[in-house]
Amino acid sequence: MWNRFASGTTYIPYTSSTLKAKPGQPTGASKVCLSCHDGTVALGMVRSRGLVIQVTGPISAQDNLGTDLSDDHPVSFRYDSSLASSDPQLKSPAGLTGAVRLDKDSQLQCTSCHDPHNDNFKNFFLRVDAVRGNLCVSCHDMLGWENSLHKNSIASWSGSPPNPWTHTTWRTVMDNACENCHNPHHASGKKRLLNYFLEPNNCAPCHNGHVAAKDIISEFNKLSAHPIYNFSNLHDPAEEALVTSGRHVVCSDCHNPHAVSGIVSGGVAGSISAVKGVEASGLAVNKINHEYELCFRCHADSNYAARNYVNRKFAENNTRMEFSPSNQSFHPVENIGKNPDMPSLISPLTASSLIKCTDCHNNNSTWPKGPHGSSYSPILERNLIFADHQTESLSAYALCYKCHDRNSILGNRSFPLHKRHVVGQLASCTVCHDPHGVKSSAHLINFDLNVVSASASGAISFVDNGRFHGSCTLKCHAYNHNNTSY
């Protein structure tokens, strides 16, 4: 090896926004390795003789790294305590004294992972058996990895194409571990060495029902879904929690693949464990404590808040503000509601109950759960008709009737004119009620202006006059209400 000519080429090193190391041009042993593995110098060209030694065949495409190393694990950088302290997901270099080790200058080189004289594991001359991520975890200590399903799941491939593990010989999620998603050489997703350039394609091979038990990917083909395939290379793990530029939504905006687990912690499902979010106060957090904090990343103060499905009198695109406990009314997502008397609630719900965003926004089938996609807009778990002049039925307002007893509503137990409005006048629940919350109106009253207009006096208003009493001033379905009381 030392008898070989160096290529003298300039290499393109690996780079990413999350990289704390500073790899430059290859040095030391890595430069020697590349004298064969960059494909620029004939294998048989040596310094000690004039003729090129004839060798059997060229280096394979798999082993030819080329001069573009941006799709390969970085090498030739100093791995010291300063680097480890700058990235809490790197282990201390003091522990790298076994099979995986640094060179004499404390640099990580090709030979940190590969031993060119020993192929005991029959797997690219690796220093340790890479099964179950053993090689990767020599240096990497990813948050949540010990309990992660990607570390511990024994799920295997059903055999139906496509093959989720094209560059390994292992056949379970546990055995592939890091390499379920990552490829240390020739990675199509160069930044962070992902198997595929399009981020959802790294999740799809397992989450299409051929490895994981549930088919998540098909959910994104439904009528209403998070459009994960509409955005390319926009998500960045280093981005701020609040999405203010470069609108996007991909799997890792909501899921941390290193920490995803089956463990519920503090009310946060393991599937969304250790992800960024925005608190009810508007402050960013690196690890959510409530499900709604994840939703607020995009649906609160973001410049790309979702559109309103109803033309409301009090328009509000910021979902965080809709659920604010300072509002006159709100569904109890951030805090318990303000109305202590709700006879329509179905047990075990009470006036002191809290609900989650996914109680309403979710897959409309039994499984898999999560707001990936639904047959009902906007990603609703059950049907809810927004249009006016629709016949009332259990299915028409299934989402509302999930928590509010239909017999109670139509029995006028909280509002003496419920049945007259919903059944007699064919008014949708959403004509009067805004299901998130209303800053300046009780009982979620926020009229649909496509149905409700100003009264003869020029006003549109609702006044709460106490328990089960109020008055409306408006025009609806050709009826003029002028301080009409109930």
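The table below gives the values:
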item: Evaluation of Ser70 against (1) assigned to a loop (DSSP other than H, G, I, E, B); (2) under 32 Å from the mean Cα position of the chain (by Cα) (one fails), failing number; result: (1)
item: Residue in segment 66-75 that is farther than 25 Å from Pro116 by Cβ, touching an Asp or Glu at 6+ places or on another chain (Cβ under 9 Å) and in contact (Cβ under 8 Å) with a residue 24 or more places away in the chain present; result: no
item: Residue match in segment 180-193 (condition: surrounded by fewer than 18 Cβ atoms within 10 Å (Cβ to Cβ), free of Cβ contacts under 8 Å to residues at least 60 places away in the same chain and within 19 Å of the chain's Cα centre (by Cα)); result: no
item: Qualifying residues in segment 268-292 (those that are touching a strand residue (DSSP E or B) at 6+ places or on another chain (Cβ under 9 Å) and hydroxyl-bearing (Ser, Thr, Tyr)) - the one modelled with the highest pLDDT; result: Tyr292
item: Hey, Thr319 farther than 21 Å from Asp464 by Cα and without any contact (Cβ under 8 Å) to a residue 40 or more places away in the chain or not; result: no
item: Hey, Lys419 within 23 Å of Lys313 (Cα to Cα) and charged (D, E, K, R) or not; result: no
item: Condition met for Val275 (in contact with a Cys (Cβ under 8 Å, 6 or more places away or on another chain) and under 17 Å from Thr319 (Cα atoms)); result: no
item: Residue within segment 412-428 that is crowded, with 16+ Cβ neighbours inside 10 Å, within 34 Å of the chain's Cα centre (by Cα) and modelled with pLDDT of 95 or more present; result: yes
item: Pick from segment 149-169, criterion small (Gly, Ala, Ser) and either within 24 Å of Arg101 (Cβ to Cβ) or out of contact with any helix residue (DSSP H, G or I) (no Cβ under 9 Å at 6 or more places or on another chain) (or both), ranking: surrounded by the fewest Cβ atoms within 10 Å (Cβ to Cβ); result: Gly159
item: Whichever residue in segment 96-110 is at pLDDT 95 or above and not aliphatic (A, V, I, L, M) and, among such residues, is nearest to Cys33 (Cα to Cα); result: Cys110
item: Evaluation of Leu384 against (1) out of contact with any Ser or Thr (no Cβ under 8 Å at 6 or more places or on another chain); (2) aliphatic (A, V, I, L, M); (3) in a loop (DSSP other than H, G, I, E, B); (4) crowded, with 18+ Cβ neighbours inside 10 Å (one fails), failing number; result: (1)
item: In segment 426-475, residue farthest from Ser408 (Cα to Cα) [restricted to those that are without any contact (Cβ under 8 Å) to a residue 60 or more places away in the chain and β-branched (Val, Ile, Thr)]; result: Thr473
item: Which numbered condition Gly262 fails, given (1) in contact with a Leu (Cβ under 7 Å, 6 or more places away or on another chain); (2) within 23 Å of Pro332 (Cβ to Cβ); result: (2)
item: Those residues of segment 18-37 which are buried (at least 16 other Cβ atoms within 10 Å of the Cβ) and of a type in the set (D, E, K, R), in sequence order; result: Lys31
item: Residues of segment 450-463 that turn out to be out of contact with any Ser or Thr (no Cβ under 9 Å at 6 or more places or on another chain) and either closer than 18 Å to Glu322 by Cα or among the hydroxyl-bearing types (Ser, Thr, Tyr) (or both), as a count; result: 1
item: Residues of segment 90-105 that turn out to be part of a loop (DSSP other than H, G, I, E, B) and either of a type in the set (Gly, Ala, Ser) or touching a residue at least 12 places away in the same chain (Cβ under 8 Å) (or both), as a count; result: 9
item: Flag if Val100 is aliphatic (A, V, I, L, M) and either crowded, with 16+ Cβ neighbours inside 10 Å or touching a Cys at 6+ places or on another chain (Cβ under 9 Å) (or both); result: yes
item: Candidates Ser347, Ser375 - the one that is touching a strand residue (DSSP E or B) at 6+ places or on another chain (Cβ under 9 Å) and under 30 Å from Val268 (Cβ atoms); result: Ser375
item: Within segment 107-137, tally of residues that are of a type outside the set (D, E, K, R), touching a helix residue (DSSP H, G or I) at 6+ places or on another chain (Cβ under 8 Å) and part of a helix (DSSP H, G or I); result: 6
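Every residue, every condition in (1) in a loop (DSSP other than H, G, I, E, B); (2) of a type in the set (A, V, I, L, M); (3) touching a residue at least 60 places away in the same chain (Cβ under 8 Å), yes or no:
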position: Phe197; (1), (2), (3): yes, no, no
position: Val211; (1), (2), (3): yes, yes, no
position: Leu234; (1), (2), (3): yes, yes, no
position: Glu240; (1), (2), (3): yes, no, no
position: Arg247; (1), (2), (3): yes, no, no
position: Tyr292; (1), (2), (3): no, no, yes
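Conditions (1) touching a Cys at 6+ places or on another chain (Cβ under 6 Å); (2) surrounded by 18 or more Cβ atoms within 10 Å (Cβ to Cβ); (3) outside any loop (DSSP other than H, G, I, E, B); (4) aliphatic (A, V, I, L, M), marked per residue:
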site	(1), (2), (3), (4)
Val260	no, yes, no, yes
Ser271	no, yes, yes, no
Ser281	no, no, no, no
Glu334	no, yes, no, no
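The values are calculated or read from the model by the stated rules, or taken from the named source; none is laboratory data. The structure displayed is predicted, hence computed values, not measured ones. For neighbour counting, all protein chains shown are included, and Cβ atoms are generated from backbone atoms with ideal geometry for every residue, glycine included.
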